[in-house]
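Participant: I have a structure here, written as structure tokens, and I will follow up with some questions on it.
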Amino acid sequence: MRRHRKATQPVRSVVLPGLLALLLCYPTERPAFAPRSVVHRGMTPIVQWLQGLGLDKVGAANVVLKKPIICSRDIDLDLKSTVQWLHSVGFHESQVATVIAKGPWVLASQLDDLKPIVEWLKGLGIEDSVVVETLAKKPELFTLDVETCLKPKVQFLKQVVGLDQSQVVKMIVYLPSLLAYSIQDNMIPHLQWLKDLGLDDKQVVKAVSSAPGLLGSYSLKSNLQPKVNSLRQAGLADSQIVNMISAQPSFLGYSSKRLEERIAILTERGELTEVSLAHAMRLTDAIFAQRMTSIASTSSTNIEARARSGRGTQKRCSLQPEQAQKRYSLHPEQP
């Protein structure tokens, strides 16, 4: 007679919530479902030590959940030496806590694996304090190999894109995640997309140096291309779109909803150009609505003045200030 295996929940759904509760309560015994390698006898001191670094109880638990191997490391011989090294590099206490919370693997790594990225960033010409800020912003950089990952990307940015050293440095400092982009999956397709739109080499350099995210932060299919399609549907020629991207590439980082609303309003007013749209995209919803209200109010006042003097038409402005305020009170700005 065959026996049917009893249905069980996925390991992750059982272990992780249970382990989180375990850590928060500082248990003295290991539950049957928790892996022995995770629930080490030194676990409680490590969680307490993490709290001493500035992490709260939940934050300390999350660190161990993300990198359980930390529990197998000695606090005095391994973990403290890593924290001391971070301090020696220039990380303040709050930055150390932030780095550990964002990148627990730092505590699971050997110092010999952490030091190369710091020296490499300094070798690019980045100041010590800025290196610290860059790594605190993106601790994942500690996991990238200098020779096989980082150097090839900088070489690509210089030789293929055409950027100089100072531009590359500024881009890395502004957007550290740039170094995590894949050359094949992110940089090359996005670079080709810009060129296919009609940007020449100089315009590409100007665009990506101002907005590094164009090399991989945004999806081509679901983000960038639909925005270009919206500009074309609004009547802008490809040459105007190219000029807009070259002059102010950051507008592509705004939401599609924001772009479409600005296009609709400027089109209705007969004021849509690449210049007016680029300027409108920089304004917050509140300021943009205020500008539109002010313009409508001024237009109404001028028409009424001409009507009273007999020099103009007797028709009033079709859009009154209070109507403009209501019409152009847009939704909250999208990220």
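Participant: Please enumerate the residues belonging to region 207-224 that are in contact with a Pro (Cβ under 8 Å, 6 or more places away or on another chain) and touching a residue at least 40 places away in the same chain (Cβ under 8 Å). Give the steps one after another, and end with the answer.
Facilitator: Quick first cut of region 207-224, residues in contact with a Pro (Cβ under 8 Å, 6 or more places away or on another chain) only: 207-208, 210-211, 214, 220.
ALA207, VAL208, SER210, ALA211, listed by residue number.
Participant: Next question, about the same structure. Before we move on, is LYS158 in contact with a helix residue (DSSP H, G or I) (Cβ under 8 Å, 6 or more places away or on another chain), modelled with pLDDT under 95, under 20 Å from LEU215 (Cβ atoms) and not small (Gly, Ala, Ser)?
Facilitator: Here the answer is no, as LYS158 does not meet what is asked.
Participant: Tell me, please, whether a residue that is open to solvent by less than 40 Å² (accessible area, probe 1.4 Å), of a type outside the set (A, V, I, L, M, F, W, C), part of a helix (DSSP H, G or I) and modelled with pLDDT of 50 or more can be found in region 13-27.
Facilitator: no
Participant: May I ask you to list pairs of residues, at least six apart or on different chains, whose Cβ atoms are under 6 Å apart, with the first in region 225-250 being without any contact (Cβ under 8 Å) to a residue 40 or more places away in the chain and the second being buried (at least 18 other Cβ atoms within 10 Å of the Cβ) and among the acidic types (Asp, Glu)?
Facilitator: From residues that are without any contact (Cβ under 8 Å) to a residue 40 or more places away in the chain, the pairs are GLN240/GLU274; ASN243/GLU274; MET244/GLU274.
Participant: For a quick check of your reading of the model, give me the residue pairs whose first member lies in region 150-178 and is under 16 Å from LYS202 (Cα atoms) and in a helix (DSSP H, G or I), whose second is open to solvent by less than 70 Å² (accessible area, probe 1.4 Å) and polar (S, T, N, Q), with beta-carbon atoms closer than 7 Å and at least 6 apart or on different chains.
Facilitator: GLN167/SER209
Participant: Go through region 183-209 and give me each residue that's within 16 Å of the chain's Cα centre (by Cα) and surrounded by fewer than 19 Cβ atoms within 10 Å (Cβ to Cβ).
Facilitator: Selection gives ASN186 alone.
Participant: So the check is Cβ under 7 Å with 6+ separation or different chains; which pairs have a first residue in region 77-99 that's over 16 Å from GLY52 (Cβ atoms) and in contact (Cβ under 8 Å) with a residue 24 or more places away in the chain and a second one that's acidic (Asp, Glu) and open to solvent by 30 Å² or more (accessible area, probe 1.4 Å)?
Facilitator: As it stands, the answer is GLY90/ASP128, since those pairs meet every condition given.
Participant: Return a yes/no flag: does region 127-135 have any residue that is buried (at least 20 other Cβ atoms within 10 Å of the Cβ) and within 30 Å of ASN229 (Cβ to Cβ).
Facilitator: No, region 127-135 contains no residue that is buried (at least 20 other Cβ atoms within 10 Å of the Cβ) and within 30 Å of ASN229 (Cβ to Cβ).
Residues checked against (1) open to solvent by 60 Å² or more (accessible area, probe 1.4 Å); (2) over 17 Å from LEU141 (Cα atoms); (3) of a type outside the set (Ser, Thr, Tyr); (4) over 24 Å from the mean Cα position of the chain (by Cα):
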site: ASP56; (1), (2), (3), (4): yes, yes, yes, yes
site: ILE75; (1), (2), (3), (4): no, yes, yes, yes
site: ASP78; (1), (2), (3), (4): no, yes, yes, yes
site: GLN84; (1), (2), (3), (4): yes, yes, yes, yes
site: VAL99; (1), (2), (3), (4): no, no, yes, no
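Residues are listed down the side, and each one gets a yes or a no for (1) assigned to a loop (DSSP other than H, G, I, E, B); (2) within 21 Å of the chain's Cα centre (by Cα); (3) surrounded by 16 or more Cβ atoms within 10 Å (Cβ to Cβ):
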| site | (1), (2), (3) |
| --- | --- |
| LEU252 | no, yes, yes |
| LEU259 | no, yes, yes |
| ARG262 | no, no, yes |
| LEU266 | no, no, yes |
| LEU272 | yes, no, yes |
| LEU277 | no, no, yes |
| ALA280 | no, no, yes |
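Participant: Still on this structure, please answer the following. Out of region 103-126, which residues are within 21 Å of ASP74 (Cα to Cα) and either open to solvent by 70 Å² or more (accessible area, probe 1.4 Å) or without any contact (Cβ under 8 Å) to a residue 40 or more places away in the chain (or both)?
Facilitator: TRP105, VAL106, SER109, GLN110, LEU111, ASP112, ASP113, LEU114, LYS115
Participant: Say we look at region 136-167 and pick out the residues that are open to solvent by 70 Å² or more (accessible area, probe 1.4 Å) and of a type in the set (D, E, K, R); which of these is nearest to LYS195 (Cα to Cα)?
Facilitator: That would be LYS158.
Participant: What's the total number of residues in region 233-250 that are under 20 Å from SER217 (Cβ atoms), part of a helix (DSSP H, G or I) and out of contact with any Leu (no Cβ under 8 Å at 6 or more places or on another chain)?
Facilitator: Total satisfying the criteria: 2.
The values are calculated or read from the model by the stated rules, or taken from the named source; none is laboratory data. Just so it is clear, the model here is predicted, and its values are computed rather than measured. Here Cβ is always computed from backbone atoms with ideal geometry, including for glycine, and neighbour counts include all displayed protein chains. Calculation scope for accessible area: heavy atoms of the full protein, side chains included, ligands and nucleic acids excluded. Shrake-Rupley method; radii C 1.70, N 1.55, O 1.52, S 1.80 Å.
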